[in-house]
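Participant: Here you go, one structure.
Just so you know, all these numbers are worked out from the coordinates, no wet-lab data involved. None of these values were measured; they are calculated from a predicted model. Here the Cβ positions follow ideal geometry from the backbone for every residue, glycine too, while neighbour counts run over all protein chains shown.
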Amino acid sequence: MAFIGAIVLAGLTGVFMSKVDQDDRISAAVQQEVGVRVSSGASFVDTDHIASAADKAGLDEATTTALVEDYEDAQIMSLKAGLLVAGLLALASLAFTRDLPRTVAAPDQDEAAVGGSQ
């Protein structure tokens, strides 16, 4: 599960930075500051946290809205990537279960006697 979490966090930071860099509503100075903050360590947070951090930094309403929208999009895309990887791992694991027994073995006579005497 840690592997999938790492994929989600890596996807979140990568997609968020890409979206911020391509967003015309966000100035180059803010894009650079977001890059510095994200590269120093990213975690999965609520969009309200992004909005409050942007407000604390003194960003205008349009820039704050753009950052929140970009982060929401990045969250969705990274969660989809994580689910895709989990699904592919589950599908791949089916190849290793091919030789499992298809029926339940009948209990031995001795085991039935022990279970019946209790």
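Participant: Name the residues in region 41-65 that are among the small types (Gly, Ala, Ser) and touching a helix residue (DSSP H, G or I) at 6+ places or on another chain (Cβ under 8 Å), would you?
Facilitator: Residues satisfying the conditions are 42, 43, 51, 54, 57.
Participant: Scan region 1-50 for residues that are surrounded by fewer than 11 Cβ atoms within 10 Å (Cβ to Cβ) and either under 12 Å from residue 70 (Cβ atoms) or in contact with a Cys (Cβ under 8 Å, 6 or more places away or on another chain) (or both) and report the count.
Facilitator: Result for region 1-50: 2.
Participant: Scan region 54-77 and give yes if some residue there is surrounded by 12 or more Cβ atoms within 10 Å (Cβ to Cβ), in contact (Cβ under 8 Å) with a residue 40 or more places away in the chain and over 19 Å from residue 24 (Cβ atoms), otherwise no.
Facilitator: Yes, some residue in region 54-77 is surrounded by 12 or more Cβ atoms within 10 Å (Cβ to Cβ), in contact (Cβ under 8 Å) with a residue 40 or more places away in the chain and over 19 Å from residue 24 (Cβ atoms).
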